[in-house]
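Engineer: Sharing a structure, written as structure tokens. Questions coming.
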Amino acid sequence: MKKLLLVPALLISLLSPIAAQAQFAKAEDAIKYRAATFVVMGAHFSRIGAVVKGEKPFNKEDVAANAAVVASLAHLPWSAFGPGTEGGKSLPEIWKESDKFKAGADKMQKAVAELNTAAKAGDLDTIKKAFGAAGQSCKACHDNYRKK
């Protein structure tokens, strides 16, 4: 039975980037989608940041829950940066330097996954280190590809 479910799941995972690209009827839809994704990610990331900065008390479960949300959303916005989706807060360099932009996105996703792993383990010092790396990956992209 598990093998029967594996084939459809594999097909869906292979086709999902195509479906994600096709879901945007207009460039404005893609811009709104990626902006909304980044807003939600930012909200949960900042909740972890408040703990890391000592502004909020450390609660292992809360940090892990927020890191899990960020990690699960980290792969979503990239399909909304396809050809013809220029605009919003995004600089044109994204489409001119697509390989460099993709490398930055990959680096951010890896850093966020490491933050999620650290959060699950529950060691605040490890979380702080992983949070810093994830934050740097976000900042690098903002510095290079986001309108001020």
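Engineer: Testing Glu97 on (1) at pLDDT 95 or above; (2) loosely packed, with under 14 Cβ neighbours inside 10 Å, one condition comes back false. Which one is that?
Structural biologist: Status for Glu97: all satisfied but (2).
Engineer: Within the range 35-93, work out how many residues are in contact with a Leu (Cβ under 7 Å, 6 or more places away or on another chain), surrounded by fewer than 20 Cβ atoms within 10 Å (Cβ to Cβ) and either among the β-branched types (Val, Ile, Thr) or within 16 Å of Gly135 (Cβ to Cβ) (or both).
Structural biologist: So the count comes out to 2.
Engineer: What's the number of the only condition in (1) closer than 20 Å to Ala50 by Cβ; (2) out of contact with any Phe, Trp or Tyr (no Cβ under 9 Å at 6 or more places or on another chain); (3) in contact (Cβ under 8 Å) with a residue 12 or more places away in the chain that Glu61 fails to meet?
Structural biologist: Against the list (1) closer than 20 Å to Ala50 by Cβ; (2) out of contact with any Phe, Trp or Tyr (no Cβ under 9 Å at 6 or more places or on another chain); (3) in contact (Cβ under 8 Å) with a residue 12 or more places away in the chain, Glu61 comes up short only on (3).
Engineer: Six or more apart or on different chains, Cβ under 7 Å: which pairs go from a residue in the range 105-117 that's closer than 13 Å to Cys141 by Cα and free of Cβ contacts under 8 Å to residues at least 40 places away in the same chain to one that's of a type outside the set (Gly, Ala, Ser) and not in a helix (DSSP H, G or I)? Could you list them?
Structural biologist: Filtered contacts from the range 105-117: Gln109/His75.
Engineer: Picking from Ala133, Ala80, which residue would you name as being in contact (Cβ under 8 Å) with a residue 24 or more places away in the chain and of a type outside the set (Lys, Arg)?
Structural biologist: Values: Ala133 fails: in contact (Cβ under 8 Å) with a residue 24 or more places away in the chain.
The match here is Ala80.
The values are calculated or read from the model by the stated rules, or taken from the named source; none is laboratory data. On a predicted model such as this, the values are computed, not experimentally measured, just so you know. FYI the Cβ positions are ideal-geometry reconstructions off the backbone, even for glycines, and counts take in every protein chain you see.
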